[in-house]
Amino acid sequence: MARQQYDEIGETYEGVKTLPLARYVEIPGFTGMLGRLGGRSVLDLACGTGFYTRQAKRLGAGDVLGVDISGEMVSAARAIEEREPLGIRYDVLDAGALPEPERPFDVATAVYLLNYADDEETLARMCHGIHRSLAAGGELLALTQNPDFRFDGPDTAKYGFTYTPCGTTPVGPRVHIEALLDPPVAFDTNYPLRPVYERCLKAAGFDEVTWVPLQVPAPAAHPFGAGFWDDFAANPPLIMLRCRK
């Protein structure tokens, strides 16, 4: 399902990062958690068009590999690398079936990956593969859908996204998300429950699993009026995870 959705989207997905929630909350929040990478090796899972793969390289990472299940997304990432070379490698791989790496990575990043597991077995397999890909003391840094998000909360369209429940899965609600570009980009994903995440990550061997909330941007960091981000602060649709091996 995820492969088909993202094959159809391709490089159009780059536009999603221009929407208010992505531009002013997601990007500064996740790059802030990445911090200065200082030559560390990075495996970027579900890399898509390589947006955060490139961010990791610009933050000082050494060897960087981006992988995605969608061949179209990887083709788009490679095309961007050809236009603006940073020395990043890309490969088509299923994060639920990662091969053991020749050399383990210091950091694994996973932006909108874990929420695509349709059942706990798949999520556990993802977590085990990521854990095996990391060196001792390595970290998984993830951005995912917030398990505590209330779908009956205030309208989120002003942030550039809408969230509509469209079913249930063994791990949590199934949700239709529209990114309000022109034309809109839509995809369906899951909202795994908090205990499901924690159970799978800890069973995979991650000793520390820390939930990291995204912060509301300071007034000087965005062009919108006072109170614009209040609804987000009260009911954030996204959250981050820091997991140490």
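The values are calculated or read from the model by the stated rules, or taken from the named source; none is laboratory data. Only a predicted model underlies this, so the values are computations on that prediction, with no experimental measurement involved. Here the Cβ positions follow ideal geometry from the backbone for every residue, glycine too, while neighbour counts run over all protein chains shown. SASA here: full protein model, heavy atoms, side chains in, ligands and nucleic acids out. Shrake-Rupley method; radii C 1.70, N 1.55, O 1.52, S 1.80 Å.
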Which whole-Hz ³J(HN,Hα) couplings does the range 206-211 yield from phi under the Karplus relation 6.51 cos²θ - 1.76 cosθ + 1.60, θ = phi - 60°, glycine and proline marked x? 6, 6, 10, 10, 10, 7
Options [x] 59, 46, 32; [y] 50, 36, 34; [z] 48, 41, 33 are given for Cα extents along the principal axes in Å, and the computed one is [z]
For the chain, modelled as a Gaussian network with Cα springs under 10 Å, which listed residue fluctuates most, GLU102, GLU14, GLU198? GLU102
What is the range 9-73 by shape, rounded, prolate or oblate, if you read a ≥ b ≥ c off the alpha carbon gyration tensor as root eigenvalues and call it rounded for a/c under 1.5, prolate for a/b larger than b/c, and oblate otherwise? oblate
If you roll a 1.4 Å probe over the range 122-245 with all protein chains in place, what percent of the accessible area is carbon or sulfur? 55 percent
Residues PHE224 and ASP148, FRET efficiency given R0 of 35 Å [Cβ-Cβ distance, rounded to 0.05]: 0.90
Rounded, prolate or oblate: pick one for the range 160-240, where a ≥ b ≥ c are the square roots of the eigenvalues of its C-alpha gyration tensor, a/c under 1.5 means rounded, and failing that, prolate if a/b is larger than b/c, else oblate. oblate
Cβ neighbours within 10 Å, averaged per peptide: list 74-86, 122-134 in order, most packed at the top. 122-134, 74-86
For the range 70-211, rounded, prolate or oblate, judged on the Cα gyration tensor with a ≥ b ≥ c (square roots of eigenvalues), a/c < 1.5 rounded, else prolate if a/b > b/c? oblate
Ignoring ligands, DNA and RNA, what percent of the accessible area of the range 26-66 is carbon or sulfur (1.4 Å)? 54 percent
For VAL64, list long-range residues whose amide hydrogen, built 1.01 Å from N in the peptide plane, is under 5 Å from its own amide hydrogen. VAL42, ARG89
Cα centroid separation - the range 177-240 against the range 46-69, whole Å: 20 Å
In nm, what is the difference between 0.36 nm times the number of residues separating ARG23 and ARG36 and their Cα-Cα distance? 2.7 nm
Suppose all protein chains stay in the model; what accessible area per residue would a 1.4 Å probe give for the chain, in Å²? 43 Å²
Lysine pairs in the chain with Cα distance under 25 Å, only those 8 or more apart or on different chains: how many are there? 4
Under the rule of -39500 (n - 2.57) per DSSP H run of 4 or more residues, summed and divided by the residues of the chain, what mean residue ellipticity at 222 nm is obtained, to the nearest 500 deg cm²/dmol? -8000 deg cm²/dmol
Multiply the residue gap between ASP231 and LEU181 by 0.36 nm, knock off their C-alpha separation, and tell me the result in nm, one decimal place. 15.9 nm
In sequence order, calculated HN-Hα J values of the range 81-89 (Karplus, 6.51, -1.76, 1.60; Hz; x Gly/Pro): 5, 5, 6, 10, x, 10, x, 9, 9
